[in-house]
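Following: one structure in structure tokens, then a few remarks.
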Amino acid sequence: MNAAIDHVYAVILAAGASSRMGSPKQLLIWQDRPLLAHALANAQSVLAERIVVVLGANAEAITTAIDLNGVSVVLNPDWADGMAGSIRAGIEALPATAGAVLLMLCDQPLINAAHLQNLLRAWQQATESIVASQYAESFGVPAVFPAEFFQQLASLTGDRGAKSLLAKLDSHLVKIPLPEAELDIDNSEDYSYLNLIR
């Protein structure tokens, strides 16, 4: 890793209400710890203390259940308006020295630290590009965005996540195969499947 990595921060989006799940998916237990704790541990293993966690719905329950010491916690008061507001809150919380952001979700449990490390290594080979995960004939997060794209991330609206922006910026993308990113836990069926495979 070169010095550029010292200016990369992770933003973990964990503000949603989990309406399709019926309970906070951030706190669903898998392999003896909550899903958000998995995402946090993976991010910390590659980026140390340079982590921003965006909370919204169920913030009090989450902060009670999960040790968030050593990370920056940002509350998105407009979490009900959709994911774009949480992305904006995370981007606005980054220091002026941030050179790139690793954008993550809290509900992609099959992604591990080695996967994140691969994305970061690919970005270090092309620091002006966006490095996105490729899966299921699609692409999305986790993804590394250089600082020049922060304003576009912060300008997203509604319930559109980063994927809509990635689609517009296809010529700037480096896509890294990451089939594990396909599984995100949106409902009880997804959670049941997760517990079957691991």
Please state the equivalent ellipsoid semi-axes for region 1-121: what are the square roots of 5 times the Cα gyration tensor eigenvalues, largest first, in whole Å?
-> 23, 17, 12
Would you work out if region 10-80 is rounded, prolate or oblate? Take a ≥ b ≥ c from the square roots of the eigenvalues of the alpha-carbon gyration tensor; rounded if a/c is under 1.5, else prolate when a/b is larger than b/c, oblate otherwise.
-> oblate
Estimated inter-spin distance, Trp30 and Thr64, nm [label 7 Å along Cα→Cβ] = 2.4
According to the square roots a ≥ b ≥ c of the eigenvalues of the Cα gyration tensor, what is the shape class of region 52-174, taking rounded for a/c under 1.5, prolate for a/b larger than b/c otherwise, and oblate for the remainder?
-> prolate
Length added when fully stretched, Ala126-His7, from 0.36 nm per residue minus Cα-Cα = 41.3 nm
For region 110-121, in residue order, the Karplus 3J(HN,Hα) values (coefficients 6.51, -1.76, 1.60; θ = phi - 60°; whole Hz; Gly and Pro = x) are 7, 7, 10, 4, 5, 4, 5, 4, 4, 4, 5, 5
Report the charge-dipole magnitude of the chain in Debye, nearest 20, computed about the Cα centre from +1 at each Lys and Arg Cβ and -1 at each Asp and Glu Cβ.
-> 200
At 7 Å along the Cα-to-beta-carbon direction for both Ala136 and Asn118, put a label point, then send me their distance in nm to one decimal.
-> 1.8
Residues with beta-carbon under 11 Å from that of Ile185, excluding Ile185: net charge, scoring Lys, Arg +1 and Asp, Glu -1?
-> -3
Relative contact order (%) - region 24-169, alpha-carbon pairs under 8 angstrom, separation at least six = 25
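We did not get these values from a lab; they are worked out from the coordinates using the rules stated. Quantities reported herein were computed from a predicted structural model and do not represent experimental measurements. Neighbour counts run over all protein chains shown; Cβ positions are idealised from the backbone, glycine included.
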